Amino acid sequence: MVKVQVENLTQTLKSKLSAEYCETFLCKLRGLTFRRILPNDRGLLLVEKMDDRMLTGIHMLFVFFKLGIVWIDNEGIVVDVRVAKPWVSFLLPKEAARYVLEIVPERISEFKIGDKVNFEEIN
């Protein structure tokens, strides 16, 4: 699995944040379902081929904890930020996005709509 370092170029993150780069259908379908914990310094980055609202909608079925969700467009701009609760059937971003960053809710304040975000592959 490819991992990326997540950087917020608009405001400095409180600590490092890496994410699994998830672009296959099965990886995106599974997401964080059935997992019991997500470390504070880790996340999951769901990747689509283009900006879209429906394609970047998420479900929280079989996700047992709250998640911080950051939707990011093709230009790296944050277009929506929200806390998702377990067992919510479907959430859509306010604007079209290409990336969905799933992190612990405690880190959601490190991302604001309009922030510029960058991903760099980690070896």
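Laboratory data are not the source of any read-out in this text; all were calculated from the coordinates shown. Just so we're clear, the structure is a prediction, and the values are computed from it rather than from any experiment. Please note: Cβ atoms are built from the backbone with ideal geometry, for glycine as well, and neighbour counts cover all protein chains shown.
Structure summary
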| item | result |
| --- | --- |
| Region 17-123: relative contact order as a whole-number percent, Cα under 8 Å and 6+ apart | 29 |
| Inter-site label distance for CYS27 and GLU120 at 7 Å from Cα along Cβ, in nm | 2.0 |
| For region 67-123: relative contact order, % (alpha-carbon pairs under 8 angstrom, 6 or more apart) | 46 |
| Taking the C-alpha atoms of the chain, convex hull volume expressed per residue in Å³ | 95 |
| Listed peptides 87-98, 66-77, 22-33 by packing density, highest first (mean Cβ within 10 Å) | 66-77, 87-98, 22-33 |
| Mean ellipticity per residue at 222 nm, deg cm²/dmol - from DSSP H runs of n ≥ 4 across the chain, formula -39500 (n - 2.57) | -1000 deg cm²/dmol |
| Between region 1-59 and region 91-120, the Cα center-to-center distance that results, in Å | 9 |
| DSSP beta bridge pairing in the chain, given as percent antiparallel to the nearest 5 | 85 |
| Aspartates and glutamates whose Cα lies under 12 Å from that of LYS16, excluding same-chain neighbours fewer than 8 positions away | GLU7, ASP41, GLU110 |
| Greater than 23 Å apart at Cα, pairs in LYS3/LYS85; LYS85/LYS116; LYS14/LYS94; LYS14/LYS49; LYS14/LYS66 | LYS3/LYS85; LYS85/LYS116; LYS14/LYS94; LYS14/LYS49 |
